[in-house]
Structures are given as C-alpha cells and as structure tokens.
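Take a look at the structure set out below.
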Amino acid sequence: MIRGFKRQRIPEKILKAFEKIERNNFIPKEYRAEAYKDVALPIGYGQTISQPYTISFMLSILELRNNQKILEVGSGSGYVLALINEISKNSELFGIERIRGLAEISRKVLERYNGIKIIYGDGSKGLPEKAPFDRIIVSAAANEIPQKLLQQLSIGGIMVAPVRNSIVKIKKFVNENKIEKYPGFVFVPLVGG
Ligand code: SAH
C-alpha cells in the first residue's frame, strides 16, 4: 500500500501516519484480510472507508500543521481522523457523521485519543458552534462547493472537498479564494444540505 504512495510523492510525514495507524482497526472483521490493499472497503450501512491513496492525496493538499482546529465532515469509521491526529500534533479534531452506528463505533475506536471528538449529525451544515476551523476535510461528495462549510473556514484556512468526481482545494482569502481542482476520484455522496 505504502509503496504505491511513495511513487506518487506523498510527503514522508503522511507516509509515516499510514504506517502507524492500523487500518485493520477501522473495518469490519470480514474485510480485515484486505485492510492493507489500496482499495476502498465497506464499513457497513452502505458506506465505505475511502481508498488509501485518495486519502493520502487529500491529506497532502490539506497542508496540515500542528496546533490547528480541524473538522472532518463524514468521519465514518474514524480512520481519516486517526491519520490526521498523527500528522498534526496538538490539534483539536472534530468529526461529524450522520449515521449513528458509525458515529458510535468510531467513538469507541478513537477513545484513546482525547483530542478527537465525534459528533453525530448532519455535517452539511458544518459545526458553527466550533467555527472557525483552520482546516476542513469533507469525505463525501457534494454537487458543488459546500458554501456553508466554507463560511466556517478561517481566513488563510484550507478546505479539501470532493465535488462530484473531483477533489477541490479551496484556500480562503478576504477577497477572492484560491481554488484548485483534481479530477478522477470516486466518493460516496454527501447527504443533506
Ligand atoms: N473518512 C471516512 C469515510 C467514510 S465514507 C472513513 O475514514 O471511514 C463518507 C461518510 O460520510 C459516510 O460514513 C457517510 O455516512 C458520511 N456522510 C454523508 N453525508 C453526510 C452528512 N451530510 N453529514 C455527516 N456525514 C455524512
């Protein structure tokens, strides 16, 4: 799995996180034999844990630093939050998940990390009570850039969100935001809005 990422120039710090966090712990028993293949896998409730390469790409363009306030919308199994927690030290991490069962399972798996909070609810509206965030990562695809989430990003902050089949990176500025688009990815849909 990691060997493939190296060819794709994923930063060392992110590779280390993938080596350290056991994907095995975030997927149902019946799929564990495939935990370390670079493929998306079911996590129940019709959802999937994203393909590791896709996650590594999103995390690399997210430009994580230490001491940040970070939101993940669609935190599912909690795997991405565990990776972020490894890359971005001393940060405050929030995950929102709309499927109660997944919110509960991920809360258990992430119990030992006290910097990570999972909220059960509709993340398409973000988490206004904790805004602004330095970084926002959206793990399910919307049809357009989620404006409500963008409003909850601090100036100079970065949001990485799938829009249809592209990963979009938005850096927020006072006037015009900087937007980059990377096509060719597959995500489960962001529900609600
Ligand atoms: N990062 C997750 C990926 C899970 S797949 C992981 O590592 O496992 C995307 C998740 O987004 C699914 O669990 C789905 O239930 C969730 N989701 C979709 N729309 C949502 C919404 N509006 N609010 C919160 N979660 C949502």
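Structure remark: mean-square fluctuation, Gaussian network model of the chain, C-alpha springs under 10 Å; the largest value among LEU110, LEU81, LEU71 belongs to LEU110. Here is the list for the stretch 79-121: GluC sites (Glu not before Pro) lying in DSSP coil, each with at most 14 other C-beta atoms within 10 angstrom of its C-beta, are GLU111. A convex hull fitted around the alpha carbon atoms of the stretch 28-88 yields 85 Å³ per residue.
Across the chain, how large is the tail of the calculated P(r) beyond 31 Å, expressed as a percent of all Cα pairs? In whole percent, the share of Cα-Cα pairs in the chain beyond 31 Å is 8. Note on the stretch 120-193: Cα convex hull, mean projected area over all directions, 4.7 nm².
No lab work stands behind these numbers, since they all come straight from the coordinates. Keep in mind that what you see is a predicted model, and the values were worked out from it rather than measured. Cβ coordinates were reconstructed from backbone atoms using ideal geometry, including for glycine residues, and neighbour counts include every protein chain displayed.
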